[in-house]
Amino acid sequence: MAVVVFVLAVVYRMIDVQYVDGEQWRQKAEEIGLDYKTIKATRGSIYASGNDLLATSLPFYKVAFDPSLVSNELFDKTIDSLSHLISGFYRDHSADYYEQKISKARNSGKKYMLINKRTINYQQKQMMEQWPVFNLGQMQGGVIFQKTDKRHMPFKSLARRTVGYMREDEGVGVGIERSFNDYLAGQDGEGLYQRVAGNNWKPVNASSDIKPEDGFDIHTTIDINLQDVAQNALLRALEKHKANFGSVVLMEVQTGEIKAISNLTRQKGGGYAETLNYAVAGLNDPGSTFKLASMIALLEEGKVNLEDTVDTGNGVKEFYKKKMRDESSYKGGYGKITVQQVFEKSSNVGVSMLVDSIFGDNPQRFIDAIKETGYGQLLDFQMMGEGVPYVKNTDDQSWSGLSLPWMSVGYETAVTPLQTLALYNAVANDGRMIQPIIVKSIQRANEPVKTFKTKTIQKRIASKSTLKKLRAMLEGVVERGTAKNIKNGHYSIAGKTGTAQKLINGQYMAQRYYTSFAGYFPADQPMYSAIVVIDDPKGWNSYASGVSAPVFKEIADMIYSQDLDIHKEFESTTIAEEGTFPMIRAGNFDELRQLCNELGISNHAEGEDLEWVRTRVDNNAIKWRRNHDESDLLVPNVQGMTLRDALYLLENKGLKVSITGTGRVRKQSVRPGKRIDKGKTTITIELG
């Protein structure tokens, strides 16, 4: 009887709560189930220099449904077709399954049900918005598209570590994503949500909602094509030499804009991936690339000339009972060589002897001379995580009699590849050391919010006479020295190899090297500077000359083949020499051939479908060869043509032409082969 009474009491209370006080409790539950939640802002995009997308946020959606909002007539009329469309789209359950799922939710009074856990993209959302019921929107059709953004990198692994990532929920990130997060993140909004069945939250879309402000876009200096070239050249070298990691930075000399930056690390399972930014953060003994700084100190002291000689003997020199060796010591050494040759051959003995002889009594003066150039100091780079350089002072606890000679050849110090590159770039840039930049502007809807310009770190790292000698030495390294294997006949390279023994557990290890090559090109008119670092290469040839320098040349070769501004102008030898022949040098093929035929001059065509030609004298005959490709947008060679022909060609190419002198075209101000910017490129032709 007690049990029966208890059950009846429970039933009575259930009826009382459900029907008598039901409306009151339902209202209370609804009030408790309302809460304001964050509406995430869309993160800004990151662009390369040509407006190529490096990273962007793509919208994805979860599809939910409030079936209670649909009228009975519309629901009965459309549920069958809607179920078939959902089933056909997701392809995981039958149309009957979805029809039963939606009908059950409607009959039970559910105001929120997740159609499927799988997210859809924006194009798929647009398609679903055309479906029956869904085309009425959220308020009448009950469909709810809950937006969530996913970060997407269109170029996949290209510059992945430089672009970086940001885990906003953890406050953890790297690269540009982290460094410029305050701009990229935007301002989150706030919206009213209602708790519904399954502990889900349904947006109410109240008038009190605060809309989010999307993040700003970041425009970088990276050139996608050059990034691809640099990254692939580095990857091939790492795979060939089975190295631990490698880094490459390519920079414009005058602007300091980084056009390519790649950092690849060997993975446990094989292969290489971008995981750490060695170029910006990686501190290491620079090795022989530091000798450039030593030479600046020596030359600025005014007691050393390039023609002076140094007796390096058998390539072994003892400092405080510790022997320093040249690579040539096993061959008997270099003997007596000039200061220029000391640098070209990268003689450790020669450099350390020079530094010790001049700065041995006052080592701090040597250190101060180097720091005055700006080398060994923070660059205040735009990205977070720049390694703090270490150039030892004489008051350092670890200073000893060995410190000066070993520092002079790149040991007992630590700098990043980017910091070393800044010094070499300064030599190429007439002595002006500038801050490398990787972000040019921050924009919103193509309107600049903030722009970044080149900053000068040091107006002049050395005197003009010293800079001239430095450039001669750097060119000599490639012409005759340790990097002569990358010399070529098309353009000149200036630079320095660096091979430093690796410091492992406090000990410098023989046959374990940190190799590098830093320099610029073309040497006579520098446009680009670059540094290549490859750590712990394996195999018989593990020096910088055979490991890092070839990567530098591969990148330079590719740029040379693509960037016509580097190419030298055509020489005047392209014009046929005067002789017994009339003044036939270049012009319209049909007209010139007719003229030669009437004058009885033997002439032959080299090729077919010729329209504009240039002459070549072959014995007693003239040979016609194609002057330029009619279909391209490159400046044609008009030297030797009549004014009429030159004007016709140039103006039809979209060039603005100004003229000086009389006669045939003797010179043109814009070299042949340069790309034309239609309506903007102006050319002056000099007649004579």
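The values are calculated or read from the model by the stated rules, or taken from the named source; none is laboratory data. The structure displayed is predicted, hence computed values, not measured ones. Cβ: placed from backbone, ideal geometry, glycine included. Neighbour counts: every protein chain shown.
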Review point. Among the listed residues I461, I434, which satisfies the condition of being modelled with pLDDT of 95 or more, under 30 Å from S357 (Cβ atoms), in the same structural domain as Q562 (by TED's automatic domain parsing) and of a type outside the set (G, A, S)?
Key: I461
Point to revise | First in the range 536-563 and assigned by TED's automatic domain parsing to the domain that holds R266 and farther than 13 Å from V248 by Cβ, second anywhere and among the hydrophobic types (A, V, I, L, M, F, W, C) and at pLDDT below 95, Cβ under 7 Å, 6 or more apart | key: Y560/I566
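Within the range 642-662, can you find the residues that are within 44 Å of the chain's Cα centre (by Cα) and among the hydrophobic types (A, V, I, L, M, F, W, C)? Give the steps one after another, and end with the answer.
Keep residues of the range 642-662 that are within 44 Å of the chain's Cα centre (by Cα), which gives 645-660.
Of everything in the range 642-662, those that are within 44 Å of the chain's Cα centre (by Cα) and among the hydrophobic types (A, V, I, L, M, F, W, C) turn out to be A646, L647, L649, L650, L655, V657, I659.
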Study note, to complete from the structure: Within the range 555-590, of all residues that are surrounded by fewer than 14 Cβ atoms within 10 Å (Cβ to Cβ) and modelled with pLDDT of 80 or more, the one nearest to L235 (Cα to Cα) is S561
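To keep it simple, each residue is scored yes or no on (1) among the charged types (D, E, K, R); (2) surrounded by 15 or more Cβ atoms within 10 Å (Cβ to Cβ); (3) in a helix (DSSP H, G or I).
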| residue | (1), (2), (3) |
| --- | --- |
| T56 | no, yes, no |
| P59 | no, yes, no |
| F89 | no, yes, yes |
| R106 | yes, yes, yes |
| G109 | no, no, no |
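Restricting to the range 664-682, count the residues that are over 22 Å from R626 (Cα atoms) and either part of a strand (DSSP E or B) or modelled with pLDDT of 85 or more (or both). It would help to see each step written out before you state the result.
Let us first name the residues in the range 664-682 that are over 22 Å from R626 (Cα atoms), namely 677-682.
Among the residues that remain, those that are also either part of a strand (DSSP E or B) or modelled with pLDDT of 85 or more (or both) are: 682.
Final tally of qualifying residues: 1.
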**Study point:** Output for the range 591-635, where each listed residue is under 22 Å from R671 (Cβ atoms) and buried (at least 17 other Cβ atoms within 10 Å of the Cβ)
**Key:** W612, V613, R614, T615, R626, N627, H628, V635
Practice item. Kindly list, by first and then second residue, each pair from a residue in the range 187-204 that is among the hydrophobic types (A, V, I, L, M, F, W, C) to a residue that is modelled with pLDDT under 65, limited to pairs with Cβ atoms under 8 Å and residues at least 6 apart or on different chains. Key: L192/A206
Exercise for review: Name, by its number, the condition in (1) surrounded by fewer than 17 Cβ atoms within 10 Å (Cβ to Cβ); (2) within 23 Å of the chain's Cα centre (by Cα); (3) not hydroxyl-bearing (S, T, Y) that does not hold for F521.
Suggested key: (1)
Check your understanding: So which residues in the range 388-408 are surrounded by 13 or more Cβ atoms within 10 Å (Cβ to Cβ) and among the hydrophobic types (A, V, I, L, M, F, W, C)?
Key -> V391, W399, L402, L404, W406, M407
Exercise for review: Test T289 against the criterion of being out of contact with any His (no Cβ under 6 Å at 6 or more places or on another chain), touching a residue at least 24 places away in the same chain (Cβ under 8 Å) and farther than 21 Å from V547 by Cβ, and give yes or no.
Suggested key: no
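Filter the range 127-150 for residues that are among the aromatic types (F, W, Y) and either loosely packed, with under 15 Cβ neighbours inside 10 Å or touching a strand residue (DSSP E or B) at 6+ places or on another chain (Cβ under 7 Å) (or both); which is nearest to T42 (Cα to Cα)? First the steps, then the outcome.
Going residue by residue through the range 127-150, those that are among the aromatic types (F, W, Y) are 131, 134, 145.
If we keep only those that are either loosely packed, with under 15 Cβ neighbours inside 10 Å or touching a strand residue (DSSP E or B) at 6+ places or on another chain (Cβ under 7 Å) (or both) as well, we get 134, 145.
Working: F134: 25, F145: 16 Å.
The residue in question is F145.
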Check your understanding: For the range 61-87, which residues satisfy the criterion of being assigned to a helix (DSSP H, G or I) and within 30 Å of P154 (Cα to Cα)?
Key -> I86
**Study point:** Subset of the range 264-307 (residues that are of a type in the set (D, E) and within 17 Å of the chain's Cα centre (by Cα))
**Key:** E274
Practice item. Might you let me know whether the range 652-662 holds any residue that is surrounded by fewer than 15 Cβ atoms within 10 Å (Cβ to Cβ), modelled with pLDDT of 80 or more and among the basic types (K, R)? Key: yes
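Looking at the range 426-535, what strands (runs of 3 or more DSSP E) fall wholly within it and have at least 1 residues that are touching a residue at least 12 places away in the same chain (Cβ under 8 Å) and within 19 Å of L283 (Cα to Cα)?
494-504, 507-521, 528-535
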Point to revise | Scan of the range 243-283 for residues that are within 28 Å of I457 (Cβ to Cβ), among the polar types (S, T, N, Q) and surrounded by fewer than 22 Cβ atoms within 10 Å (Cβ to Cβ), ordered by number | key: Q254, T255
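Would you point out which residue out of L418, L354 is under 27 Å from the mean Cα position of the chain (by Cα), in a helix (DSSP H, G or I) and either surrounded by fewer than 22 Cβ atoms within 10 Å (Cβ to Cβ) or assigned by TED's automatic domain parsing to the domain that holds I534 (or both)? I'd like the intermediate steps shown before the answer.
On the way: L354 fails: under 27 Å from the mean Cα position of the chain (by Cα).
After ruling out the rest, the residue left standing is L418.
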Study note, to complete from the structure: If we keep only residues of the range 311-329 that are charged (D, E, K, R) and out of contact with any helix residue (DSSP H, G or I) (no Cβ under 6 Å at 6 or more places or on another chain), then the residue surrounded by the most Cβ atoms within 10 Å (Cβ to Cβ) is E327
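Taking G191, is it on the phi > 0 side of the Ramachandran plot and either modelled with pLDDT of 90 or more or touching a strand residue (DSSP E or B) at 6+ places or on another chain (Cβ under 6 Å) (or both)?
Details: on the phi > 0 side of the Ramachandran plot: no; either modelled with pLDDT of 90 or more or touching a strand residue (DSSP E or B) at 6+ places or on another chain (Cβ under 6 Å) (or both): yes.
No.
Would you please name the residue that is farthest from T312 (Cα to Cα), looking only at residues in the range 330-340 that are in a helix (DSSP H, G or I) and in contact (Cβ under 8 Å) with a residue 24 or more places away in the chain? Break it down into steps so the answer makes sense when it comes.
Quick first cut of the range 330-340, residues in a helix (DSSP H, G or I) only: 330-331, 339-340.
Subsequent filtering for residues that are in contact (Cβ under 8 Å) with a residue 24 or more places away in the chain retains 339-340.
Numbers: V339: 11, Q340: 13 Å.
The qualifying residue farthest from T312 (Cα to Cα) is Q340.
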Review point. Of all the residues that make up the range 243-285, how many are without any contact (Cβ under 8 Å) to a residue 24 or more places away in the chain and assigned to a strand (DSSP E or B)?
Key: 1
Practice item. Within the range 88-145, count every residue that is under 10 Å from F65 (Cβ atoms) and of a type in the set (A, V, I, L, M). Key: 8
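Within the range 393-402, identify whether any single residue is assigned to a loop (DSSP other than H, G, I, E, B), in contact with a strand residue (DSSP E or B) (Cβ under 9 Å, 6 or more places away or on another chain) and more than 30 Å from V316 (Cβ to Cβ), and answer yes or no.
Looking only at the range 393-402, we keep the residues that are assigned to a loop (DSSP other than H, G, I, E, B), and these are 393-402.
Still in the running and in contact with a strand residue (DSSP E or B) (Cβ under 9 Å, 6 or more places away or on another chain): 401-402.
Those left that are additionally more than 30 Å from V316 (Cβ to Cβ): none.
Looking through the range 393-402, none of the residues is assigned to a loop (DSSP other than H, G, I, E, B), in contact with a strand residue (DSSP E or B) (Cβ under 9 Å, 6 or more places away or on another chain) and more than 30 Å from V316 (Cβ to Cβ).
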Exercise for review: Scan the range 209-250 for residues that are more than 17 Å from V163 (Cα to Cα) and either of a type in the set (D, E, K, R) or within 12 Å of the chain's Cα centre (by Cα) (or both) and jot them down.
Suggested key: D209, K211, E213, D214, V229, R236, E239, K240, K242
Point to revise | Criterion violated by K317 - all others in (1) part of a strand (DSSP E or B); (2) more than 26 Å from D368 (Cα to Cα) satisfied | key: (2)
